[in-house]
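Below is one structure; the comments refer to it alone.
The values are calculated or read from the model by the stated rules, or taken from the named source; none is laboratory data. Because the structure is predicted, anything quoted here is derived from the model rather than measured. Counting neighbours? That spans all protein chains shown, and the Cβs are built from the backbone with ideal geometry, glycine included.
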Amino acid sequence: MRLIHLRQLRGWLVRLFSIFTRQRREQDFAEEVESHGVSLGLGGALALTRLMKTLLFGVSATDPLTFIVIAASLIMVALLAC
């Protein structure tokens, strides 16, 4: 009787471990996609600065503080969404 309970417990633990590892792999993939998205977004933003210069008031087109704050905000939103 006790051996049956141990086998059931082992089965539950194996299933639980597989669920946690699957979630971890999905989270790693999401973080990788997020980092690529931020990199492409920053590159695109820097490339479009010439076009946007006429629309900006009081901020230079390549203001580093603005880029850092916006990128950090997007990263925080993406991490909270995971």
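For the condition out of contact with any Leu (no Cβ under 7 Å at 6 or more places or on another chain) and modelled with pLDDT under 80, what is the one hit in Gly44, Gly58?
Gly58
Of all residues in region 34-71, how many are part of a helix (DSSP H, G or I) and surrounded by 11 or more Cβ atoms within 10 Å (Cβ to Cβ)?
Number satisfying all stated conditions: 17.
Just one of the numbered conditions (1) assigned to a helix (DSSP H, G or I); (2) free of Cβ contacts under 8 Å to residues at least 12 places away in the same chain is not true of Gln27; which one?
(2)
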